[in-house]
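Worksheet: one structure, shown below.
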Amino acid sequence: MNTDTQPVKKKRRASLCVGCGGQIHDQFILRVAPDLEWHASCLKCADCSQYLDETCTCFVREGKTYCKRDYVR
Ligand SMILES: [Zn+2]
Ligand SMILES: [Zn+2]
């Protein structure tokens, strides 16, 4: 049997930012339930563009993120 010894590149698990689609290499990733990950600089309210971070609650509706104020409207 001919065994192929060609090296295989293993994919390192990289997080993709939901906001811009790019890989996240930042020290801090903002993770939003259930399984969305964002650059800290990409996570904004879709309505008022306020930056969202761990100090405020972030809400997701139809793949867009909102601050609490705009979400409950
Ligand atoms: Zn991003
Ligand atoms: Zn907002």
* Structure fact -> Flagged in the stretch 42-66 as at pLDDT 90 or above and either at positive phi or part of a loop (DSSP other than H, G, I, E, B) (or both), in numbering order, are CYS42, LEU43, CYS45, ALA46, ASP47, CYS48, SER49, GLN50
* **THR65 being more than 10 Å from ligand 1 (Cβ to nearest atom) and open to solvent by less than 40 Å² (accessible area, probe 1.4 Å)** => yes
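The values are calculated or read from the model by the stated rules, or taken from the named source; none is laboratory data. Values in this document were obtained by computation on a predicted structure and should not be read as measured data. Heads up, the Cβs are rebuilt from the backbone with ideal geometry, glycines too, and the neighbour counts pull from every protein chain shown. Quick note on the areas: whole protein, heavy atoms, side chains included, nothing else; ligands and nucleic acids left out. Shrake-Rupley method; radii C 1.70, N 1.55, O 1.52, S 1.80 Å.
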